[in-house]
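A.B. asks: Quick one: the structure is below, and I'll ask about it shortly.
The values are calculated or read from the model by the stated rules, or taken from the named source; none is laboratory data. This is a predicted model, so every value here is computed, not measured. Backbone-built Cβ (ideal geometry, glycine too); neighbour counts: all protein chains shown. Surface areas here come from the heavy atoms of the whole protein model, side chains and all, with no ligands, DNA or RNA. Shrake-Rupley method; radii C 1.70, N 1.55, O 1.52, S 1.80 Å.
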Amino acid sequence: QVQLVESGGGLVQAGGSLRLSCAASGRTFSNYNMGWFRQAPGLQRDLIAVISWTGGIPYYADSVKGRFTISRDNAKNTVYLQMNSLKPEDTAVYYCAASLYGSWPQGLQYDSWGQGTQVTVSS
């Protein structure tokens, strides 16, 4: 298990940008695939972006592709989510998660989760 702590959420106006960070500790961070999820009230938790342990080409959900960018800095044990051109429908609690196994990208099994950080986009 790895411990994950998200930060960087907040209130932003539509069209604005925000960068989320997820700091990891407890295990070898560089060996994990790292994903970002989000969950709006009453809805399921959806996968929005994944970056592999190799740092290769990431996966993005259609809803965020072209606007969001996932990246990682293994030296800092941190994964980031750069969010641009934010829309009110992006409002949700955002979670980072770590995966060590499963099929890429949507079949990955996540064994560690952060506490979540709230992102609110106003119009």
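A.B. asks: Answer yes or no: is there a residue in the range 46-67 that is in contact (Cβ under 8 Å) with a residue 60 or more places away in the chain, of a type in the set (F, W, Y) and part of a loop (DSSP other than H, G, I, E, B). Even if it seems obvious, please write down each step before you answer.
C.D. replies: Residues of the range 46-67 that are in contact (Cβ under 8 Å) with a residue 60 or more places away in the chain, as a first pass: none.
Scanning the range 46-67 turns up no residue that is in contact (Cβ under 8 Å) with a residue 60 or more places away in the chain, of a type in the set (F, W, Y) and part of a loop (DSSP other than H, G, I, E, B).
A.B. asks: Within the range 46-60, track down each residue that is buried (at least 17 other Cβ atoms within 10 Å of the Cβ) and at pLDDT 95 or above.
C.D. replies: Result: L47, I48, A49, V50, I51, P58, Y59, Y60.
A.B. asks: Select from the range 75-105 the residues that are open to solvent by 60 Å² or more (accessible area, probe 1.4 Å), outside any strand (DSSP E or B) and at pLDDT below 95 and list them in ascending order.
C.D. replies: If the condition is that a residue be open to solvent by 60 Å² or more (accessible area, probe 1.4 Å), outside any strand (DSSP E or B) and at pLDDT below 95, then A75, K76, W104 are the ones that fit.
A.B. asks: Which condition number in (1) within 16 Å of V5 (Cα to Cα); (2) not in a loop (DSSP other than H, G, I, E, B) is the one that Q115 fails?
C.D. replies: It fails just one condition, (2).
A.B. asks: I would also like to ask the following. Go through the residues of the range 12-32 one by one and say whether even a single one is of a type in the set (V, I, T) and either under 17 Å from the mean Cα position of the chain (by Cα) or open to solvent by less than 60 Å² (accessible area, probe 1.4 Å) (or both). I'd like the intermediate steps shown before the answer.
C.D. replies: Within the range 12-32, the first condition is being of a type in the set (V, I, T), and the residues that meet it are 12, 28.
Next, from what is left, pick out any that are either under 17 Å from the mean Cα position of the chain (by Cα) or open to solvent by less than 60 Å² (accessible area, probe 1.4 Å) (or both): 12.
Scanning the range 12-32, I find at least one residue that is of a type in the set (V, I, T) and either under 17 Å from the mean Cα position of the chain (by Cα) or open to solvent by less than 60 Å² (accessible area, probe 1.4 Å) (or both), so the answer is yes.
A.B. asks: Collect the residues in the range 69-93 that are touching a Leu at 6+ places or on another chain (Cβ under 6 Å) and under 24 Å from G42 (Cα atoms), keeping them in residue-number order.
C.D. replies: Taking the range 69-93 as the starting set, the residues that turn out to be touching a Leu at 6+ places or on another chain (Cβ under 6 Å) are 70, 81, 83.
L81, M83, listed by residue number.
A.B. asks: Could you give every pair whose Cβ atoms fall below 6 Å, whose first residue belongs to the range 69-96 and is of a type in the set (G, A, S), and whose second residue is surrounded by 15 or more Cβ atoms within 10 Å (Cβ to Cβ) and not in a strand (DSSP E or B), counting only separations of at least 6 or pairs across chains?
C.D. replies: As it stands, the answer is S85/R67, since those pairs meet every condition given.
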